[in-house]
């Protein structure tokens, strides 16, 4: 996503993480007149420079953030997002924290509903086998995680990159299609419930997905009757990370 595709003006954007990528996203979002919520456990994080005020987790959070302003919330990003979703749905979420943010949110939400999510190792094995050869960078069956990319392990992406659909601009490698489409196809028939959160560029170095897509998945997961298998992925045109859960009653 960029300014030519979707306007950010007046939209509520959660920037989860105040480090390097969070700074890039927060700066661009403020300049685009979005309403920005930066979330980090460190009040002195790099993105604090772009916050107009700071609130702590125990303080009442005010969501009436003016356009073109940013508030730094000192709280764990997963907890913040789950708390926020009980009040409203953010327009966009920037995952700029270590690990797979969406997977962590889904896991904690399921536990809060009394479910018991565990790693779906057999599903990870099946899906890794169903993906095109050479795009799987890592399969962690024990933790139900798959990482995919059109980029080779020993190379790095050009920045900025427009993520063209036909081939990688760094390696010239022909793509099998947008990564989020490739992951969606591989999930069909291999899990009971799945969602690929499509990440679009919000700056040259940071991407975001729609808050409504995450909220929809959490609602669907809460209505499924265990046991069932669930997959959640975050993916742009070129890269993806996937969590696979086996959900049972606690």
Picked from the stretch 227-238 (must be at pLDDT 95 or above and more than 13 Å from residue 103 (Cα to Cα)), the residue farthest from the chain's Cα centre (by Cα) is 227
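For every residue, the table says whether it meets (1) at pLDDT 90 or above; (2) within 12 Å of the chain's Cα centre (by Cα); (3) under 29 Å from residue 114 (Cα atoms).
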site	(1), (2), (3)
171	no, no, no
180	yes, no, no
185	yes, no, no
191	yes, no, yes
220	yes, no, yes
Within the stretch 119-141, can one find any residue that is over 30 Å from residue 81 (Cα atoms), touching a strand residue (DSSP E or B) at 6+ places or on another chain (Cβ under 7 Å), in the same structural domain as residue 203 (by TED's automatic domain parsing) and crowded, with 20+ Cβ neighbours inside 10 Å?
yes
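A quick yes/no check of all residues on (1) at pLDDT below 95; (2) over 22 Å from the mean Cα position of the chain (by Cα); (3) over 19 Å from residue 230 (Cα atoms):
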{"position": "146", "(1), (2), (3)": "no, no, no"}
{"position": "150", "(1), (2), (3)": "yes, no, yes"}
{"position": "157", "(1), (2), (3)": "yes, no, yes"}
{"position": "174", "(1), (2), (3)": "yes, yes, yes"}
Residues of the stretch 48-91 satisfying the condition of being farther than 18 Å from residue 11 by Cβ and in a helix (DSSP H, G or I)
48, 49, 77, 78, 79, 82, 83
Can you list the strands (runs of 3 or more DSSP E) lying wholly within the stretch 180-237 that have 3 or more residues being in contact (Cβ under 8 Å) with a residue 24 or more places away in the chain, in contact with a helix residue (DSSP H, G or I) (Cβ under 7 Å, 6 or more places away or on another chain) and surrounded by 17 or more Cβ atoms within 10 Å (Cβ to Cβ)?
193-198, 228-235
Go through 165, 172 for me and flag whichever is in contact (Cβ under 8 Å) with a residue 24 or more places away in the chain, under 22 Å from residue 137 (Cβ atoms), out of contact with any helix residue (DSSP H, G or I) (no Cβ under 9 Å at 6 or more places or on another chain) and assigned to a loop (DSSP other than H, G, I, E, B).
165
Among the residues of the stretch 37-46, are any part of a helix (DSSP H, G or I) and either surrounded by 21 or more Cβ atoms within 10 Å (Cβ to Cβ) or at positive phi (or both)?
no
Residue 58 meets each of (1) more than 25 Å from residue 20 (Cα to Cα); (2) more than 20 Å from the chain's Cα centre (by Cα); (3) modelled with pLDDT of 95 or more with one exception, condition (3)
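The values are calculated or read from the model by the stated rules, or taken from the named source; none is laboratory data. Source: prediction; values computed, not measured. Cβ coordinates were reconstructed from backbone atoms using ideal geometry, including for glycine residues, and neighbour counts include every protein chain displayed.
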